[in-house]
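Some notes on the structure that comes next.
The values are calculated or read from the model by the stated rules, or taken from the named source; none is laboratory data. The structure presented is a predicted model; accordingly, all values stated were derived computationally and were not measured. Glycine gets a Cβ as well: all are built from the backbone with ideal geometry, and neighbour counts include every protein chain shown.
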Amino acid sequence: MNMSTTRLTMAQALVKFLDNQYVEVDGVQSKFVAGVFTIFGHGNVLGLGQALEQDSGDLVVHQGRNEQGMCHAAIGFAKQHLRRKIYACSSSVGPGAANMVTAAATATANRIPLLLLPGDVYASRQPDPVLQQIEQFHDLSISTNDAFKAVSKYWDRINRPEQLMSAALNAMRVLTDSADTGAVTLALPQDVQAEAYDYPDSFLQKRVHRIDRRPPSQAMLEDALHLLAGKRKPLLICGGGVRYSGAADALQAFAERFDIPFAETQAGKSAIVSAHPLNMGGIGETGTLAANRLAKEADLIIGVGTRYSDFTTASKWLFQNPDVQFLNLNVGAFDVQKLDGVQLLADAQVALQALSESLQASGYRAAWGDAPKTARAELEAEVDRLYAVEYQGEEFVPEINDHLDPA
């Protein structure tokens, strides 16, 4: 079969590929890769660096000053754009790559898409060892970039220019997967970046990744409704998935319709305004008195888009009602089964809307009484008290002094 091709170096093909990636959510298309953060050095300046200099397309290139810092900026960018737009991060071989490992772990732990393009040692092994190359005497195929394997959702090393095609497609598969995204590492050996190949034009053309909203199955929906029907004091937890799904309005409407108070994880904060009367604030280890008091009494925890970290659950100590059960609304199969909860595997927005429609017909209302209002009033009073505190220099003793020997 004949197909049209374009002869490019691997680095040039990668840049052109990244510049042509788009996502579609609810029928709206947008450019997925906004640009590249990079610190040029040994392993990326003459390959990827030259490709970006010659033709970066619409990619915006920023020169970084610290590899971990630029990766954390990329994580923040992706979060702010609800995981629908990213920056790639490129580094040199060795120390430059190692500086990105911590950020990769952060991205993977928090389900944030992060594309890492660390330079790698020569695939040919002829200029060997390169500056600051880690030489493992028992296995010369190991480089610093192997450290990314433990903290990446997808990892690959491109040892031949044609391998870019399968590697890049798999990278996009993970980066645009609502349920299984995180750090993606494509290690780029210095010599392979400059090797040319006849890439199919179909690989280099505009590609749209559709992020569909997964609906709940009828069986799971019925299980959720059956559980809710027997509970009097449910508490919603608003996780980061509420923001990424765009489900804030659906969660607020659900809470208001059924008189269910809600608390926020750190990732879910700002999805709904803090002044909302049913918003009890942060929950768990760094949470508020209001949220944690209701969590202690709740007989049902409805976790929406949360991964139930120990900060959220106070190491699973927070929920003390002997009859407490969990209803988990999550698009991720791994997270939806946590705490042995009843599972509603679906997009948060779609799941809340379906649950609300079915529950409305039953006439369900939570039976918290005045507890949320009282807890909210106590929270507001405490916030006002803390804002009114003023620093007084006289007779001020730092708390740390209680633990120091004055001698």
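Being charged (D, E, K, R), over 16 Å from I112 (Cβ atoms) and outside any helix (DSSP H, G or I) is the filter here; which residues of segment 155-209 pass it?
Across segment 155-209, the qualifying residues are D156, R157, R160, E195, D198, K206, R207.
Output the residues belonging to segment 1-35 that are assigned to a strand (DSSP E or B) and touching a residue at least 60 places away in the same chain (Cβ under 8 Å).
T5, T6, R7, L8, T9, Q21, Y22, V23, E24, V25, Q29, V33
Looking at segment 125-147 only, could you name the residues that are polar (S, T, N, Q) and surrounded by 13 or more Cβ atoms within 10 Å (Cβ to Cβ)?
Q132, Q133, S143, T144, N145
Going residue by residue through segment 214-237, is there one that turns out to be within 19 Å of G363 (Cβ to Cβ), touching a strand residue (DSSP E or B) at 6+ places or on another chain (Cβ under 8 Å) and of a type in the set (K, R)?
Within segment 214-237, one or more residues are within 19 Å of G363 (Cβ to Cβ), touching a strand residue (DSSP E or B) at 6+ places or on another chain (Cβ under 8 Å) and of a type in the set (K, R).
Just the residues that are in a loop (DSSP other than H, G, I, E, B) and either touching a helix residue (DSSP H, G or I) at 6+ places or on another chain (Cβ under 7 Å) or touching a residue at least 24 places away in the same chain (Cβ under 8 Å) (or both), please, taken from segment 128-150.
V130, L131, Q132, Q133, I134, S143, listed by residue number.
Go through segment 95-122 and give me each residue that's surrounded by 18 or more Cβ atoms within 10 Å (Cβ to Cβ) and small (G, A, S).
Matches in segment 95-122: G96, A97, A98, A103, A104, A107, G119.
Can you report the number of residues in segment 210-224 which are touching a residue at least 12 places away in the same chain (Cβ under 8 Å) and outside any loop (DSSP other than H, G, I, E, B)?
Of the residues in segment 210-224, 5 are touching a residue at least 12 places away in the same chain (Cβ under 8 Å) and outside any loop (DSSP other than H, G, I, E, B).
Evaluate the following for Q343: is it modelled with pLDDT of 95 or more, buried (at least 22 other Cβ atoms within 10 Å of the Cβ) and either among the charged types (D, E, K, R) or not assigned by TED's automatic domain parsing to the domain that holds D180 (or both)?
no
Quick one: how many residues across segment 196-229 are surrounded by fewer than 18 Cβ atoms within 10 Å (Cβ to Cβ), over 26 Å from D347 (Cβ atoms) and over 29 Å from the mean Cα position of the chain (by Cα)?
Counting residues in segment 196-229 that are surrounded by fewer than 18 Cβ atoms within 10 Å (Cβ to Cβ), over 26 Å from D347 (Cβ atoms) and over 29 Å from the mean Cα position of the chain (by Cα) gives 5.
Hey, could you check segment 365-381 for residues that are assigned to a loop (DSSP other than H, G, I, E, B) and in contact with a strand residue (DSSP E or B) (Cβ under 9 Å, 6 or more places away or on another chain) and say which is farthest from G230 (Cα to Cα)?
Once the filter is applied, the top-ranked residue is W368.
Please go through (1) charged (D, E, K, R); (2) loosely packed, with under 15 Cβ neighbours inside 10 Å; (3) outside the structural domain of L344 (by TED's automatic domain parsing); (4) in contact with a helix residue (DSSP H, G or I) (Cβ under 9 Å, 6 or more places away or on another chain) for K153 and return the number of the only condition it doesn't satisfy.
Only one criterion is unmet by K153, namely (2).
Can you name the residue in segment 47-77 that is buried (at least 23 other Cβ atoms within 10 Å of the Cβ) and small (G, A, S) and, of all such residues, is farthest from D180 (Cα to Cα)?
G47
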